[in-house]
Amino acid sequence: MPNVSAFPLLVAAGCLWLTGPLALAQRNTDPFANPTVQDPFGTPAEETAPKNALTSDPFGGATAPDPFAAPPKAPALDDPTQVTNRSPRLRTWLGRASAKAEAMDKKLDQSTSYSFREESLLAVVNNLSQQHDLPIVIDQRSLEEIGESTDVPVSIDVREVSLRSALRMLLDPLDLTYQIRDEVLQVTTTATAESNLLGAIYRVDLAGLQAADARKLIVQTIQPDLWEDLGGPSTIAALTSTNPAPEVRSDLLIVHTTQRGHEQIENLLSAIAGQAAGDLSLLPSDPSPQLGSFGSPSSVLGSPSVGMQ
């Protein structure tokens, strides 16, 4: 017969045996029992790390922009006085894709360094074409017309100059030049370039100039013998709108000239646009002395008879 006095002990041992694993599991899953134990709700470990309440969203979202931050500046081209060199807004090419032409024109501003000694013109041109990822071709027929060929030897050594300047130093001694035509950079003779002029429209009002004044300025300051006014091949026509309101006025120049001529026009107008504070007017190039309250011309320039008999 079993011992009745041992029964309570057996019952107590059975309870401990049943409740022991449950208590152990509860202790291991209690999020408050051990801070290193994983969150029972599945929150990733990186989200349990403390965050800066001043810069982070407490709900886990992306950082909100500062409502007091200054608004971003508008692009420089929105200001007509900030038109940059060779800006598409200032010049629009005629008869060719302006975007491709401007992209090729920008590559001419890339820095380059090279050294060649008694290398053929063709080899040098091919090297520059590969170096700058720019399609360059030589107009062999035009070279033959002046008694040259692509095998003419050239020697040149330049360091850290623009590709534009490097080409000038390479081609000028040979009476050659370059122009962007048919989506390639073409090396040709100066005479051929002057007989195949490039057309473009310039918004000179963006430089603070009126069309008539801009035309006079260009003819007087950029290769005067290049223009038809002095018997040259290039033409330039001025157009202006009839509306006098500045916000709708447009002053245009339609120019047909060489690649070099267009580059000089663009540089001149862009430089003026960067300096102009408003509309500009061209003054007479040789003003005569004015009479009036200042008296005769000698009173302005000084008396020429002083010290003379």
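Every number in this text was worked out from the coordinates using simple rules, so none of it is lab data. Just so you know, these numbers come straight off a predicted model, no measurement behind them. Cβ placement follows ideal geometry from the backbone for every residue including glycine, while neighbour counts extend to all protein chains displayed.
What the table below lists for this structure:
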{"read-out": "Nitroxide proxy distance, nm - points 7 Å out along Cα→Cβ at SER111 and GLN140", "value": "3.7 nm"}
{"read-out": "Gain in span if fully extended, ALA123 to GLU148, counting 0.36 nm per residue against the direct Cα distance", "value": "7.5 nm"}
{"read-out": "Proxy reagent accessibility, fewest Cβ within 10 Å first, across HIS262, HIS132", "value": "HIS132, HIS262"}
{"read-out": "Estimated distance in nm for a label pair at ARG89 and ARG159, the labels positioned 7 Å out from Cα along Cα-to-Cβ", "value": "3.9 nm"}
{"read-out": "Segment ASN243-LEU268, extension gain: residue separation times 0.36 nm, minus the distance between their alpha carbons", "value": "6.4 nm"}
